[in-house]
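These notes are about the structure you will find just below.
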Amino acid sequence: MQQSRLDRILALLCSVLDAYSAVLFLPETTEEGGTPAAHVPAASFSLGNSLDAEAKVIAGRGLVGWVLRHQEPLLVSNFDRRSNQLGYYTGDEEQYIKAFMGCALPGGGVLCVDSKRQYSFSEKDQKLLYLFASLAAELRDENESCESLRTTARYYAALRAVYDLRRKHTRWNDFLRHFLDLMAVMTGWTYAALCTRDAYGENYTVEGESDPLLLRGANMPTFPMSLGVVGWVFRNNAPILGFDPDGLPETPLIGRTQDVPRFQSVMAVPLIFQRKTRGVLCLADGIPKNPGDAGRDFVLMAAEHLALFLENLYIKCRLRDLHHQVPVQTELSPGGEPIA
């Protein structure tokens, strides 16, 4: 099982639901295939440092145990420690938890999230938790590469997360960082980036990356439109959804630089508005990967959502510029003096 990927998915879940912690419990490994008596943390994410990595949950004991026994989702909006317990925190951290949600995984396991705010989860959030639980169940059972993970349920959960990001993160930089990270995690590809064109359409800039290959602090590298797969997409206003079992040609994804490897799988989708390609959403991997029809559809729909965000920013900037260009009209008296 891809442990680091599960941890990142739980981090995304916390970001989408604005939760404090998320914990995935799976059956404890037993010798000779015996029936496990307890569930233990298989992946987790928390804004604090008090999760108990050695926690064990028994069916029927505590809120997590209730979900295990009844195999039903549970939403507690106002957590009362006197009558309930979580059992996966160390020290006294649990006393600050005010809300909890839990969902059973198909085939065994429980996915939990909590919050330090009362009434912070809704029935809509419960449905989203179920989608992430379904994804965690797929990853739990997966023994092959990323290609077999591309299912309709997973991409549906990913799209829901994409749409919720815009509500959770109104600042462009925050939104873009979470968006690219989510794209890389949900597709299973190693690299995601956004490139945007300059005002004259002569160059493009790497504005964001899921993993820092080119961005160094405030420096955003710029390349001519004539270079790379990204330049081709800008010039032709058409996507490249490249996959070949033998790998792609030696055309670099972005410009000519030694800092970016020669990717063998590339998806580069134009973000078009105002009749021009204003940006290119890139996904890439160092080995040949077939995204499948569901994977391509997901990337295209996510790119459409990103283009809408960019267009809104573009319109706001244009309105601001026009406002600054309007001259201030000063009414004058017949004698030429300004009227107070």
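Table: residues versus (1) closer than 23 Å to N236 by Cα; (2) assigned to a loop (DSSP other than H, G, I, E, B); (3) at pLDDT below 90; (4) open to solvent by less than 40 Å² (accessible area, probe 1.4 Å).
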| site | (1), (2), (3), (4) |
| --- | --- |
| T251 | yes, yes, yes, no |
| I254 | yes, yes, yes, yes |
| Q258 | no, yes, yes, no |
| A268 | yes, no, no, yes |
| L271 | yes, no, no, yes |
| A284 | yes, no, no, yes |
| P288 | no, yes, yes, no |
| G295 | yes, no, yes, yes |
Scan A307, A302 and give me the residue that is part of a helix (DSSP H, G or I), out of contact with any helix residue (DSSP H, G or I) (no Cβ under 8 Å at 6 or more places or on another chain), at negative phi and modelled with pLDDT of 80 or more. A307
Output the number of the condition that E72 fails; it satisfies all remaining conditions of (1) part of a helix (DSSP H, G or I); (2) among the acidic types (D, E); (3) modelled with pLDDT of 85 or more. (1)
Region 68-96: number of residues that are under 16 Å from S44 (Cα atoms) and surrounded by fewer than 21 Cβ atoms within 10 Å (Cβ to Cβ): 4
Out of the residues in region 82-102 that are more than 20 Å from C14 (Cβ to Cβ) and in contact with a helix residue (DSSP H, G or I) (Cβ under 6 Å, 6 or more places away or on another chain), which is modelled with the highest pLDDT? Q85
Being among the acidic types (D, E) and farther than 18 Å from L17 by Cβ narrows it down to one residue among D114, D92; which is it? D92
Please pick out the residue among P41, P106 that is assigned to a loop (DSSP other than H, G, I, E, B), open to solvent by 30 Å² or more (accessible area, probe 1.4 Å) and not small (G, A, S). P106
Members of region 185-233 that are over 30 Å from A136 (Cα atoms), open to solvent by 40 Å² or more (accessible area, probe 1.4 Å) and out of contact with any strand residue (DSSP E or B) (no Cβ under 8 Å at 6 or more places or on another chain): A199, Y200, R216, G217, A218, N219, S226
S120 modelled with pLDDT of 85 or more, in contact with a strand residue (DSSP E or B) (Cβ under 8 Å, 6 or more places away or on another chain), surrounded by fewer than 20 Cβ atoms within 10 Å (Cβ to Cβ) and of a type in the set (S, T, Y): yes
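The values are calculated or read from the model by the stated rules, or taken from the named source; none is laboratory data. Being a predicted model, the structure only gives us computed values, none of them experimental. Methodologically, a virtual Cβ is constructed for each residue, glycine included, from the backbone with ideal geometry; neighbour enumeration extends over all protein chains shown. Only protein heavy atoms, including side chains, enter the accessible area calculation; ligands, DNA and RNA are left aside. Shrake-Rupley method; radii C 1.70, N 1.55, O 1.52, S 1.80 Å.
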